[in-house]
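Down below is the structure, laid out as structure tokens.
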Amino acid sequence: MKLYFLLPAKFLLFILLVGTVACKSDESGNVPFVHVTMMDNTFYPPVIRTSKGSKIRFVNEGNNPHNAVALDKSWTTETTYGQSAMFRGAQTDVYYPEEGVFPYFCTFHASPDGKVGMTGVAVVGNAVYSSQTNASKSKISKTWSGVTRKVPSQYPTIQNAVDAALPGDLILIAKGIYKEEVVVTTPSLVIRGEDRAETIIDGEFLRGNGVMVVGADGVAVENLTARNATLNGVYWTGVKGYRGSYLTAYNNGDYGLYAFDSVDGLLEHSFASGSPDSGIYIGQCNPCKSIIYDVISENNALGYSGTNSSGDLYLLSSIWRRNQLGIGPNTLDRELLPPQKSIVVKKNLVYDNNNYNAPSKRLEVPSIGNGIGVLGGLENLVEGNVVFNHKNYGILVTPNIDENIWISNNNKIKNNIVLSSGRGDITMSGPVSVGNCFENNTISQSSPPFLDTLQPCTGIRYPLTGDMSSTIGLLALFVQANMGDFELASYKNQPIPPKQKEMPKDLLAKIEPANDVFEKNKYLIDKAELPPETKQELEAFEKSSKFHVSAFRVHYPATFKTWFFHIFGYLLPFGIFASWTGLALLDKLNRKGSSGLKADLSFWVILLLPFIGALFILFSKESLVSKKVRNTVVFGGIGLFLSILVMTIYAMFAVTGPAV
């Protein structure tokens, strides 16, 4: 999902204008919603689950006009949007007050009966839905059926073999380039390539997904490459039981390996690169009961993103490098089950996530230069990782915002080695942070200072607000991104990755659908160790680089607007306070003299009522300050500050179009 990274404009406006912030808890008075993206020509995801009384937000990110009309004509986006055609960038909400299964279609790109072409399904509440209408193909199998269906010797395409298969069958795909999109609705299949590097599903930048598993439990995809899809390499949605092993996914238009609204999974020994969202994504699940183990995610906007993914989710022994952001669990309203909470990020190697040339979407760019970011998450554990060479922050705990403000609370950052981060090795963004703790981390500098000492995970924690400098700097990046200041690299021309390791022969001898995946692989949690490359990569970096951390650096990538926001947005309020207070005190001093100043009640008004007290004195009839000086100091400071707000408001409201 789109990552509105790190406290964007609405939150800062709220802070600046009101001075307080309302923390968001698990309960919300707002109507929950989920997103369905209209692409050319598909609804994504094709099956979306939401709660009774919630809404679906349809957003057109394609180049063609689209709409959504219920198969029974009970609703249409035309009612809420105002016209039939929704063009690129348009969005509208459809409410679902009752439980049920609601098929829908685009009248421009589907058959008149709504059964072929651009179609989707909304499953509301506890309604039962099965994508497989054939009863013989809907039963789960926990073992191999003994049947192998070979492509292309028996079936000319992978889709032909999948359509013919029964639960428990093996689809064995020979070397070759298969120009198709494979849609799986039969459970318990094992889809395996004979050669990881040379069994390739190629979307040719025309088809949505390499492999899409829709509502089919227990499907395993192994030992193949998925590339050049306009959406995802390998994608599971609405399933219980999934496994991706020895997969390569590169240069896909959204995610590499993607599990949505799915539980009981394992993504292992896999590689993902060239995605403008995240290389690997697990989202909207609680408890997820899933493990990511021994993967490499590089050259993506985000190495890992997990929106509202909570409970029994483990990121273990993996490499996250040369992305814009390494790892980013996050909370957003645009998916169900907020807030994100209770995952473990353990024994990972996270480095060099400063890649401006990685493919990206507009609202992913502000995440650049950070190793691990906990974005509006609760009760997560980040432990035992090695994180180095990031131009902004090594490990960052920060609020996130969507329809609501989500504060990162009660996260534990322990026993990590964090080196050479441009603005802070470990950082807690302001203004509000509750219960986050930092302990036994090897660092050079934290922001605010002494986090390990003042906010330990055991013992006494001292009152400490977050770092507002990081908040203002990240706001600057958000504004620039939303105004289109950053050039976005395309996923279509990213480098082809090197050949990855093949599935071992002993595992090729095992044919097993993806059932009871989490229970069978829980041993990996205790087994987790740092990737073997850690020592070599760290030594190479130490020899070639100077370690330097400074909170006085502006956020990367440093532009004039970044400087402008950082200097004026962060320091200007202090400057205004000092100038107004000093001028007001000088005014009273000239009137009373030093002997009578402290006895004057207005002296205490100036000090105890910041800004307001000084203005009261300066604009009183007795003031000796000339109008020219007073108006220059007062209205000049206000004018500079308003210029920041105007730019922020412009970025919030005047910029339209999808976040691509």
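FYI, it's all coordinate maths here, none of it is from the lab. Everything quoted here is computed from the prediction, not taken from an experiment. Methodologically, a virtual Cβ is constructed for each residue, glycine included, from the backbone with ideal geometry; neighbour enumeration extends over all protein chains shown.
Cα-based Rg (one decimal) and Dmax (whole number) for the chain, in Å?
My reading of the Cα-based Rg and Dmax gives 27.1, 101 Å.
When a footprinting reagent is the concern and you count Cβ atoms within 10 Å, what order do Thr458, Thr562 take, fewest first?
Ascending Cβ contact count within 10 Å gives the list Thr458, Thr562.
How would segment 274-361 be classified by its alpha-carbon gyration tensor: rounded, prolate or oblate, with rounded meaning a/c under 1.5 and the a/b versus b/c comparison settling the rest?
Since a/c reaches 1.5 but b/c is at least a/b, the shape of segment 274-361 is classed as oblate.
For segment 191-268, which chymotrypsin sites (Phe, Trp or Tyr not before Pro) are in a loop by DSSP, counting at most 15 other Cβ atoms within 10 Å?
Phe205
Which trypsin sites (Lys or Arg not before Pro) in segment 93-187 pass both tests, a DSSP loop state and at most 15 other beta-carbon atoms within 10 Å?
Sparse-neighbourhood loop trypsin sites (Lys or Arg not before Pro): Lys115, Lys139, Lys142, Lys175, Lys179.
How far is helix 572-592 tilted, in degrees, relative to the longest principal axis of the Cα atoms in the chain, given as a value from 0 to 90 rounded to the nearest 10?
For 572-592 against the chain, the angle is about 10 degrees.
Kindly flag which residue pairs out of Lys139/Lys361; Lys142/Lys527; Lys361/Lys535 have an alpha-carbon separation exceeding 31 Å in this structure.
Check vs 31 Å cut-off fails for Lys139/Lys361; Lys361/Lys535.
Helix-only estimate, please: 222 nm mean residue ellipticity of the chain, summing -39500 (n - 2.57) across DSSP H runs of length 4 or more and dividing by its residues, to the nearest 500.
Taking each H run of at least 4 residues, the total per residue is -5500 deg cm²/dmol.
Could you list Glu622, Glu537 so that the one with the fewest beta carbons within 10 Å of its beta carbon is first and the one with the most is last?
Glu622, Glu537
For helix 468-482, what angle does its Cα long axis make with the longest principal axis of the chain, in degrees from 0 to 90 and rounded to 10?
60 degrees
Output the Kirkwood hydrodynamic radius of segment 32-124, Cα pairs only, in Å rounded to one decimal.
Its Kirkwood hydrodynamic radius stands at 12.7 Å.
Relative to the longest principal axis of the C-alpha atoms of the chain, give the angle of the C-alpha long axis of helix 534-544, reported between 0 and 90° and rounded to the nearest 10°.
Between helix and principal axis, roughly 50 degrees.
Place +1 on the Cβ of every Lys and Arg and -1 on the Cβ of every Asp and Glu in the chain, take the dipole about the Cα centre, and give the residue among Asn354, Leu206, Leu583 whose Cα lies farthest towards its positive end.
Farthest along the dipole direction, towards plus: Leu583.
Sum up the charges of everything whose Cβ sits under 11 Å from the Cβ of Asn299, counting Lys and Arg as +1 and Asp and Glu as -1, but leave Asn299 out.
The answer is 0.
Is segment 190-231 rounded, prolate or oblate when judged by the Cα gyration tensor, a ≥ b ≥ c being the square roots of its eigenvalues, rounded requiring a/c under 1.5 and prolate requiring a/b larger than b/c?
oblate
With +1 on each Lys and Arg Cβ and -1 on each Asp and Glu Cβ, and nothing else charged, work out how big the dipole of the chain is about its Cα centre, in Debye to the nearest 20.
With Lys and Arg at +1 and Asp and Glu at -1, about 1460 debye.
Using alpha carbons only, what's the Rg to Rh ratio of segment 332-396 with Rh from Kirkwood?
Ratio of gyration radius to Kirkwood radius for segment 332-396: 0.99.
Rank the residues Ile460, Ile606 as a footprinting-exposure proxy: fewest other Cβ atoms within 10 Å of their Cβ go first.
By the 10 Å Cβ count, ascending: Ile460, Ile606.
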